[in-house]
Amino acid sequence: MLRSGRIIYTNDLPIYTAFDEGAVRYPGALVADVPSNLNAMLLDGKLDMSPVSAFHWAKHADELALLPHLCIGSRDEVWSVVCVSRKPLAELDGATIAVTRESASGRNLLRVLLERRYGVKATFVDSSDPFSVAANGQPALLIGDRAIDAQQTFTPAHVHDLGKYWHAWTNLDMVFAVWAVRRDVLARHAGEVQAALDALVAAQRWGTAHMDRVVATAQATLPREAGYYAAYYETLNFSLDAAARAGLARYTEELYALGAIPSLPSVEPEVLLVAG
């Protein structure tokens, strides 16, 4: 039985609600955690496959095979990856930015935007509570549900949506998370990997067809104003299609230019396990 990761935020519910409600059976064990922990667990062999940050996959593509069909990304704004700053990003040269320990893709996207788009350098400091840092008026990177909280708490002009900044600069999608499998696991258990991916794709299709159930689950998990989750899920993209892969390719190119990853990986899924 494959040990598989699951992101603990509400942004995974359009895929995983089908499993929670028993509409689709997942043929393995699911382990829920924040993205940075899932990254480490997959690399350490404590998980066999998982959603992981796009940055983590790109950095370790020699060990982690990119799976087709699924991602968590945005066509434009994303809402749940933000830098809270009273100054525009272009004016953060020399600033100290508190960054959540839960993120790898968001952290490195912020670095790409600062250094590659604006030519400024900031110092990133890990924080267990970047929301409090932001509340005290200092720059901070937030992801997931705390980023959504920031949107609803701080002055809108001070909440910088990194997906929106990326799209404005590149006119491309941004991919924050992909599904990957350890190459050694794939070599030994290709059939189980295929079954797990089949289930994930079926669950994502169920979620699209039953968005009212997904929204109800999100609302029960973390209540927000009426209509919020329906609008939020419209901003997200869960398909690793051609547009998403083009954005992922550009992101890896920018990471490579910064020296953040050792080589440029192919963004074409290496193992096409699911037809259509």
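The values are calculated or read from the model by the stated rules, or taken from the named source; none is laboratory data. Being a predicted model, the structure only gives us computed values, none of them experimental. Reconstructed Cβ throughout: ideal geometry from the backbone, glycine too, with neighbour counts over all protein chains shown.
Would you tally the residues in the stretch 1-55 being under 18 Å from SER103 (Cα atoms) and among the β-branched types (Val, Ile, Thr)?
So the answer is 6.
Against the conditions (1) buried (at least 22 other Cβ atoms within 10 Å of the Cβ); (2) in a loop (DSSP other than H, G, I, E, B), where does VAL99 fall short? Just the number, please.
(2)
Going by the structure shown, is ASP48 touching a strand residue (DSSP E or B) at 6+ places or on another chain (Cβ under 7 Å), among the charged types (D, E, K, R), under 30 Å from PRO156 (Cβ atoms) and crowded, with 17+ Cβ neighbours inside 10 Å?
no
Go through (1) within 26 Å of TYR229 (Cα to Cα); (2) modelled with pLDDT of 95 or more one by one and return the number of the condition LEU47 breaks.
Evaluating LEU47 over (1) within 26 Å of TYR229 (Cα to Cα); (2) modelled with pLDDT of 95 or more leaves (1) as the failure.
Could you figure out which of (1) in a helix (DSSP H, G or I); (2) in contact (Cβ under 8 Å) with a residue 60 or more places away in the chain isn't true of VAL215?
Single failed check for VAL215: (2).
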